[in-house]
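Heads up: the structure comes next, in structure tokens.
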Amino acid sequence: MKVNVELDCTPEEMRRFLGLPDVSTVNDKYVEGVKSAMEGATNVEQLQNLAKNIAPMGEMGLRFFQSLMETGMSQATGGSGKKSKKS
């Protein structure tokens, strides 16, 4: 038996329906903190350090995301997935 249910609602209505908490104020504060921290960064290294410190899961999360993007790009371009080392 297959049953399809289609809901026509806004994301806010769905959040309430599922009983999820409203984190919009926390998100706003997080975004403000990132903006203010980025305004003080004057070079690429400072931005990298900032990203490592504020990203979810820190540096491990950034490495995972980078690996994910490299794998996706490799597959999209028909590559073997192996990195070439240049001297």
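Readers should treat all values here as calculations from the given coordinates under stated rules, not as data from a laboratory. Keep in mind that this is a model prediction, so the values were computed, not measured. Neighbour counts run over all protein chains shown; Cβ positions are idealised from the backbone, glycine included.
For the pair residue 69/residue 6, report the inter-label distance in nm, with labels modelled 7 Å from Cα in the Cβ direction.
Output for this residue pair reads 3.7 nm.
Where nothing but the Cβ of Lys and Arg (+1) and of Asp and Glu (-1) is charged, how large is the charge dipole of the stretch 1-69 around its Cα centre, in debye to the nearest 20?
Computed about the Cα centre, the dipole is about 260 debye.
Return the loop-located GluC sites (Glu not before Pro) in the stretch 1-43 (DSSP other than H, G, I, E, B) with at most 10 other Cβ atoms within 10 Å of their own Cβ; answer none if there are none.
Details: sites: 6, 12, 13, 32, 39; in loops: 6.
Listed in order of number, the matching sites are 6.
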